[in-house]
C-alpha cells in the first residue's frame, strides 16, 4: 500500500500532475535542488541523498515557522475572545497548550504531503517514516484530547463548589484510558493487526492486567468512594498515625494523597488507605469554628477536706465568682442538716462544703465568664475516677477559634490560671516525686534546709 502511494507520487511528479499544494511545492523545490546539485558537479549517486537531506531540513524549518505563526494567531484569538466574552475556559485552554496542538494540524498535513516526495527514492525509509507518522498521530490525538481535559480540570478546580474535590483523580483516569488505547493502537500498527483482535487477546491475560493495574484500580475505587461519601476534601486537616501524617491535604490522585504536615514535611499516603484504614478528619472542628480543650489537673487526695463553715467560709466568700454560690448553697445545706437527727458538730454528718467542691465551682464560673470560650457549646468541669495519683479534675470546653496558635495561647492562659488558683483553696496538685529530676530537687532542698538549721545559732 505504501509502495503504491510512492509509485503514485512518482507518476504525479513525472507527469506534472499534483494533488496538493505541498506536493506541488515540494516537487518544484526538489527539481530545483537536483538541478542545482548537478550544476555544481555533485556525483549522480550522491544527488538523491543530498537532495533528500536538503528537503528534510527545509521541511523542518518550514513546519516550525508555520506552527509558530498559527500558534500565535490561535493564542491571540483565545485571549481576545476570552476577555471579550469573559470565558475562563479559553484561558485554561491556552495554559494547557491547546493552541500548540491545534496549530500542529497544518504542519502535519504538510509533512504527510511532502514525505512521499522527499523519500521517493528510498522506499524502505518511506515505510519507516509512514509508521513513525502513524505512531506520532496516535500520541498527537492523545495530547490534543488531554489538553482539553486538563483545561476542564483546571476550570472546575477554580470553582468554589469543586475546589475541594479530587478532580486530579478523574483526569488521571482519562489519561490512563487514552494511553492504554493508544498503546493498543500502536501495537496494532506495528504488527499489522486489527486493534479489536488485540483487545480480545488481552481478555485471556486479564489476571496479569489486574495485577499490573492493581494500585490504579484500587485508587480509582477509593477516589470514587471518597468523593461520593465526602470523606476527605482538599484542604482538610487529617491525622493518620500509621503513616505519621498530621496536616492539610494538598492533593488527591489515583495512587496517593499528598499531606503537608505542620512541620512543612510532605507525607504521601496511598489513596486506598483512606477507606481501608482509620484516620481522623478535623473538618467538623473547622466547620464549627471552635476547638475543644480537654485537659485535666490531678488533685492530691490528702489535700481534699471539709470547710470549717464558721472560720473559713467568710474568707472564701471574698473569691470572685463563688460568693453567690456559697450564699445560696449555705441556705440549702443548713435546711437539710437541720432536719437530720445527728451531731452537726462533726463535718462528716450531713452535707457540708469541701475545698475541692468550691474550687470546681470557681473554675466553672471562670470558664463561663471567659471571653474566648464558646458558651453555646459543651462546658463542663468534672471529677474523673480517682487513681493512684489523685483525683483528676477535667476541663471540657470549646475555644472560639480554630487557629492553632490562638488556641494554644488561650489554653495555656486558662490552665496556668487554674493551676495558680489551686493554692487559694488549700489544695495541692499531684507531682510524681519518683521522677529523678524532682527527687534530686527535693533532696537538694532538704539538704539546704538541714544545712541552714545547723549554721543558724539557737536561742538560749
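Where a number appears in this text, it was derived from the coordinates with a stated rule and is not lab data. Source: prediction; values computed, not measured. Here Cβ is always computed from backbone atoms with ideal geometry, including for glycine, and neighbour counts include all displayed protein chains.
Exposure proxy shown here: for 137, 62, the number of other Cβ atoms within 10 Å sets the order, fewest to most, as 137, 62. Kindly state, to the nearest 0.05, the FRET efficiency for residue 141 paired with residue 402, given R0 = 41 Å and r defined as their beta-carbon distance. So, using R0 = 41 Å, E works out to roughly 0.30.
Name the shape class, rounded, prolate or oblate, that the alpha-carbon gyration tensor gives for segment 227-285, where a ≥ b ≥ c are the square roots of its eigenvalues, rounded holds for a/c under 1.5, and otherwise prolate holds if a/b is larger than b/c and oblate otherwise. Rounded. Pop the C-beta distance of residue 420 and residue 248 into the FRET formula with R0 = 35 Å and round what comes out to the nearest 0.05. The formula returns an efficiency of 0.45 here.
In terms of other Cβ atoms within 10 Å, 399, 196 run from fewest to most in the order 196, 399. Global dimensions of segment 309-351 from alpha-carbon coordinates: Rg and Dmax equal 11.5, 35 Å. Shape summary: segment 213-364 maps onto an equivalent ellipsoid whose semi-axes, from the alpha-carbon gyration tensor, are 59, 15, 14 Å in decreasing order. Relative to the current alpha-carbon distance between residue 394 and residue 409, full extension at 0.36 nm per residue lengthens the span by 3.5 nm.
If the chain linking residue 332 and residue 49 were pulled fully straight, counting 0.36 nm for each residue of separation and taking away their Cα-Cα distance, it would gain 90.4 nm. Between residue 268 and residue 231, full extension at 0.36 nm per residue minus the direct alpha carbon distance yields a gain of 11.6 nm.
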